[in-house]
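Data first, discussion second: the structure below is written as structure tokens.
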Amino acid sequence: MSWHPQYRSSKFRHVYGKAASKDKCYDCVPITRNVHDNHFCAVNPSFIAVVTECAGGGAFLVIPIKQTGKLDPHYPKVCGHKGNVLDIKWNPFNDFVIASCSEDATVKIWDIPNQLLKRNITTPKKELLGHARRVGLIEWHPTADNILFSSGYDYKIMIWNLDVKDAVLSKPVKILDAHKDVVLSMSFNTDGSLLATACRDRKIRVIDPRAGTVLQEGSYKSHRVNKVLFLGNMKKLFSTGTSWWNNRQIALWDQNDLSVPLLEEDLDGSSGLLFPVYDSDTHMLYVVGKGDGNIRYYEISPEKPYLNYLMEYRSHLPQKGIGTMPKRGLDVAACEIFRFYKLIPTKSLIEPISMIVPRRSESYQEDIYPLTAAAQPALTAQEWLNGINKGPLLVSLRPGSEAVNPLPQFLEPEPLVKATGLSQQQGGGGRISLEDKQKPREMEDGRKQLKAEEKLPKNEQMCLSNGFGIFECPPPKTENELLQMYYRQQEEIRRLRELLIQRDVQIKQLELELRNLCMDTGNH
């Protein structure tokens with residue numbers, strides 16, 4: 001179905017993948033040969049970390065992001081594990097802290113120095129000893145500082161509070177014991193209040209991590225799930241797996257009803273795993289095939305058909321794992337909306353793949369860069385453990401921008417209300433609608449347009465968008481000129497309506513920010 005889509009208007013319809021030139025790649029990197037189904041690579045704007053081959057224990061490399069080209073064969077490693085490293089993840093709020101887990105049943109937290117590594121790092125900042133068997137997955141909480149989730153082959157998910165002075169932690173703050181087999185995948189929703197898991201028993205679960213309760217549980221006989229992913233605030237889950245006939249398969253689920261998928265589609269007959277990656281800012285979903293060189297990408301919409309196929313990046317070099325750059329590390333001048341780091345063990349190569357929106361203008365393209373998650377936590381660890389939920393701090397990718405306050409999260413999406421009815425809605429609990437959360441770009445556009453118009457003289461503000469002034473245009477003499485004038489006026493009316501909507505949204509946003517400030521001062 002999604003392979004033959006009808007024409008639809010989308011600014012991401014022509015996105016294409018561009019592989020970096022040889023001098024921008026990372027060469028001679030001894031990539032791990034471990035067969036575990038993980039990414040084996042973690043990236044932030046400062047470093048790229050990759051699991052490597054190591055005799056007598058497990059290790060990974062941490063390479064400065066700008067240090068491309070050939071890697072010194074004696075380059076220092078981070079090697080403190082006694083078994084193979086299975087997963088690595090950067091702290092989303094600190095570019096110099098990374099977590100790793102291993103077959104030795106431990107999770108370790110490492111401090112990476114700001115300067116170039118000169119010797120191996122063997123002593124971790126913290127060591128987490130709670131699992132009885134090897135630890136296969138780790139995930140940082142998306143909005144709370146120093147909260148880490150780990151999942152092991154003892155079928156347990158453990159929640160760790162790293163906001164303590166102890167160097168060795170043996171007791172997690174919470175143990176989730178809802179699984180009867182190995183957890184294959186974990187994913188948080190936007191504010192980190194829910195956790196979705198895929199298990200080897202073929203079941204998808206949605207869990208309240210603080211209460212430890214399973215809110216939803218479901219399996220579908222024709223879909224053997226491997227990876228699961230929350231689709232931001234869409235109230236949907238996306239999973240990859242295999243069908244009865246061992247075809248690679250994707251499925252879309254309603255997060256509140258996991259009995260039957262909303263959509264199920266076979267992709268191909270390859271045997272490699274499919275890694276799903278979702279960009280909640282652009283609503284684009286990337287499906288990366290392990291063992292092949294393809295990256296399929298889709299656009300997610302809230303209405304049917306939900307999944308709109310865009311394009312496929314193809315390469316003859318198969319990838320073993322993949323790393324993704326956070327949005328704050330992208331090159332906005334090149335209209336880059338996503339960047340993958342592709343692990344190619346056959347050539348000992350890490351190849352960056354940039355997903356680019358083709359634009360002629362070299363200026364900042366605000367319509368493809370809505371506000372995105374910043375590198376500051378919205379909550380402390382204790383606040384989250386006490387039951388507080390908060391969405392991520394948002395920041396503009398425009399150079400020189402600063403983070404803004406997070407908007408309160410809504411459990412149920414509500415329709416956009418007019419600014420006149422805002423006071424009544426605020427009196428009912430102070431929540432904002434999902435549409436407001438997903439329209440920060442329009443708010444920013446409105447602010448900038450208002451400022452620009454205030455600076456213009458009145459006679460210039462009367463100009464139409466196509467450059468003709470209202471009083472300068474001669475009257476139309478032919479039917480063709482009359483039609484052209486009519487279309488120009490229609491376009492101007494449409495533009496003015498959009499401006500009015502943006503002003504309403506801006507007023508609403510400012511009132512919400514004012515109310516949030518009043519609530520914060522009242523709490524203190």
Hey, among Ser219, Ser170, which residue is among the small types (Gly, Ala, Ser), in contact with a Lys or Arg (Cβ under 6 Å, 6 or more places away or on another chain) and open to solvent by 10 Å² or more (accessible area, probe 1.4 Å)?
-> Ser219
Just to be sure, is Asp163 in contact with a helix residue (DSSP H, G or I) (Cβ under 6 Å, 6 or more places away or on another chain) and more than 24 Å from Val277 (Cα to Cα)?
-> yes
Can you name the number of the only condition in (1) open to solvent by less than 70 Å² (accessible area, probe 1.4 Å); (2) free of Cβ contacts under 8 Å to residues at least 60 places away in the same chain; (3) out of contact with any strand residue (DSSP E or B) (no Cβ under 6 Å at 6 or more places or on another chain) that Lys165 fails?
-> (1)
Subset of region 338-368 [assigned to a loop (DSSP other than H, G, I, E, B) and open to solvent by less than 10 Å² (accessible area, probe 1.4 Å)] = Val357
Of the residues in region 337-368, those that are of a type outside the set (S, T, N, Q) and more than 21 Å from Ala49 (Cβ to Cβ) come to Ile337, Met355, Ile356, Val357, Pro358, Arg359, Arg360, Glu362, Tyr364, Glu366, Asp367, Ile368
Output yes when any residue across region 176-183 is under 25 Å from the mean Cα position of the chain (by Cα) and crowded, with 21+ Cβ neighbours inside 10 Å, and no when none is.
-> yes
Residues being in contact with a strand residue (DSSP E or B) (Cβ under 8 Å, 6 or more places away or on another chain) and under 16 Å from Arg13 (Cα atoms): count how many of those fall in region 331-380.
-> 11
Could you pull out the residue among Leu215, Leu148, Leu137, Leu184 that is assigned to a strand (DSSP E or B), in contact with an Asp or Glu (Cβ under 8 Å, 6 or more places away or on another chain) and free of Cβ contacts under 8 Å to residues at least 40 places away in the same chain?
-> Leu215
Evaluation of Ala373 against (1) open to solvent by 20 Å² or more (accessible area, probe 1.4 Å); (2) modelled with pLDDT of 95 or more; (3) of a type outside the set (S, T, N, Q) (one fails), failing number | (2)
Residues satisfying the stated conditions in region 218-256, i.e. among the aromatic types (Phe, Trp, Tyr) and part of a strand (DSSP E or B) | Tyr220, Phe230, Phe238, Trp253
Residue among Glu460, Glu481, Glu498, Glu513 that is modelled with pLDDT under 85 and open to solvent by 90 Å² or more (accessible area, probe 1.4 Å) = Glu460
Given the conditions (1) open to solvent by less than 10 Å² (accessible area, probe 1.4 Å); (2) at pLDDT below 95, every one holds for Lys82 apart from (1)
Would you mention how many residues in region 233-256 are open to solvent by 40 Å² or more (accessible area, probe 1.4 Å) and within 14 Å of Gly269 (Cβ to Cβ)?
-> 4
Being open to solvent by less than 10 Å² (accessible area, probe 1.4 Å) and part of a loop (DSSP other than H, G, I, E, B) is the filter here, so list the residues in region 326-337 that pass it.
-> Cys335
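The values are calculated or read from the model by the stated rules, or taken from the named source; none is laboratory data. In this text, all values refer to a predicted model and were calculated from it rather than measured experimentally. Backbone-built Cβ (ideal geometry, glycine too); neighbour counts: all protein chains shown. Calculation scope for accessible area: heavy atoms of the full protein, side chains included, ligands and nucleic acids excluded. Shrake-Rupley method; radii C 1.70, N 1.55, O 1.52, S 1.80 Å.
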